[in-house]
Every structure is written in C-alpha cells, then in structure tokens.
Amino acid sequence: MVKENLHKVLSTIKPGVRLVAVSKFHPVEALKEAYDGGQRLFGESHVQEMVEKEAQLPKDIEWHFIGHLQTNKVKYMAPFVSLIHAVDSLKLMREIDKQAARCGRVINCLLQVHIAKEETKFGFSPEELNQMLEEGEWKELKNVRICGLMCMATNTDDECQVEKEFMYAHGIYEEIKNRYFHDDDSFKELSMGMSGDYMIAQRCGSTMIRVGTMIFGERDYAKV
Ligand SMILES: *Cc1c(COP(=O)(O)O)cnc(C)c1O
C-alpha cells in the first residue's frame, strides 16, 4: 500500500515542491517500501528512532529532522542529518554549529515560526524571529546554513483559517528573505503542509510538504 499511497501523493504535488515522507513510528520495512517506490527524502521526529533507521537503510536517503530538538541530542544526528526543520532558539543553533563543526559539516536548518492559533511553546513568534535575526549573532555560526522557514497551521477543519495562516507565513518568509537573505541563494525553503492541509499549503507558496499519514497510514504510538 505504501508505494500506491506515495504515488498518489506525488501525483498531487506542484512542480518545485518537495515531499518529505514522514515515517515516524513506522517500521523500517515501511520506509523500504517507500524507498523502492523512489522516495529518498524521509522525515523523523525522534532522534534515537532516526539514528536507528539511518543505520539500517541505504545511504542515499536524505534524513530530515522535523520534530522539536533538544540541544543535548544534536550530536547524534550531526554526522548525517541533511535538514533540521524546527530550529526554534539561538541556543539550539549554537549547538548545531558546534556539532556540525566537529563533523566538518555545514548543517542546513529551517527556523520554525509560530503562526497557529494554538498555544505551543515551540517556534519563534514573528517578533522574536525578527529580533533574533536583527541581533545578528547567527551570522557568526559558520557551520549552520539557514535555508528558510518552517511552520504548522492550526489543527482545524476550517480551511479558511488554515489558508490565512499559511498566507501569513508566506508573507513572513518573503519579508525575512528580503530583509536578511536577499543575497543568499540558500534561503529558499518554506516547509509547510501535512497530510490534512498540504494542498492549501502548496497554494500558499510551500516548497516542502511533510506528509506522513497519507503515505504510511495511521501511526501506532504504542509501537516502535
Ligand atoms: C508528524 C508530523 C507531520 C506529518 O503529519 P501527518 O498528518 O501524518 O501527515 C508533519 N510535520 C510535523 C512537524 C510532524 O511532527
């Protein structure tokens, strides 16, 4: 089923948008099926799980970390992670920089911006994001490459609300790009859209969608 689901999702994706297959809580066999269907880009949200899967699967997979990342766990993924989606503090960026340097790498990162109505402690508010970028310390972190923004919409059936939030996120993305990254071609990703809202996200300028359930089915949180 995974292959069929994958191809169904791929057939609805706009040119230029990349699909992150979110495989958290699914066994290695499910990832292999997607891999055999041509998928090379996987997203995980738990460090240990990603590290274990990485060790068992082919080396041409691009591993994206999409969950909340604690500073003390950066070191485990630093050797191989290709994009960290949810960077939400300068402290975390400093640690990524340090661990990337130890591995002789530059690690690609997205800054998570909080745009949803829901309360959460994760993500920069738009004000905090501007302030952090304005202060400029991030420019000294030579082993971190900021490639864009990541966000999540409110978990609601109200499509107008979701669209409003994604449009808002796109506006912030454009503003940040113009203000701080106008001469930096690496800043080009807007990661937004999941199984329930990726069609809306694509209409609002998403360049990367993170889809799990539609490809792999429901997650069994009791397993893995
Ligand atoms: C789990 C997760 C997804 C995928 O969600 P689905 O609804 O299963 O597509 C996307 N983004 C993040 C940050 C997630 O944690």
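The values are calculated or read from the model by the stated rules, or taken from the named source; none is laboratory data. Model, not experiment: these values are computed from the prediction. In this analysis, Cβ positions are derived from the backbone assuming ideal geometry, glycine residues included, and neighbour counts consider all displayed protein chains. Accessible surface is based on the protein model in full, side chains and every heavy atom, while ligands, DNA and RNA are left aside. Shrake-Rupley method; radii C 1.70, N 1.55, O 1.52, S 1.80 Å.
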* Would you check which residues across the range 78-107 are in contact with a Leu (Cβ under 8 Å, 6 or more places away or on another chain) and within 16 Å of the ligand (Cβ to nearest atom) and list them? => Leu83, Ile84, His85, Ala86, Val87, Asp88, Leu92
* Can you find even one residue in the range 115-130 that is among the β-branched types (Val, Ile, Thr), within 16 Å of the ligand (Cβ to nearest atom) and closer than 27 Å to Glu62 by Cβ? -> yes
* Restricting the first residue to the range 188-199 and requiring it to be of a type in the set (D, E, K, R), which pairs with a second residue that is part of a strand (DSSP E or B) and open to solvent by less than 10 Å² (accessible area, probe 1.4 Å) meet a Cβ separation below 7 Å and a spacing of at least six or different chains? -> Lys188/Gly148; Glu189/Leu110; Glu189/Gly148; Glu189/Met208
* Structure fact -> Matching residues in the range 200-215 (more than 18 Å from Glu159 (Cβ to Cβ) and more than 10 Å from the ligand (Cβ to nearest atom)) number 2
* Find the residue count for the range 142-163, including only residues that are within 20 Å of the chain's Cα centre (by Cα) and either more than 16 Å from the ligand (Cβ to nearest atom) or not small (Gly, Ala, Ser) (or both). => 13
* Asked: So which residues in the range 5-47 are in contact with a Lys or Arg (Cβ under 8 Å, 6 or more places away or on another chain) and either part of a helix (DSSP H, G or I) or charged (D, E, K, R) (or both)?
  -> Lys24, Val28, Leu31, Glu33, Ala34, Asp36, Glu44, Val47
* Structure fact -> Checked pairs for the range 163-183, first more than 22 Å from Asp197 (Cβ to Cβ), second aromatic (Phe, Trp, Tyr), C-beta under 7 Å and 6 or more apart or across chains, list as Lys177/Phe187; Phe181/Phe187
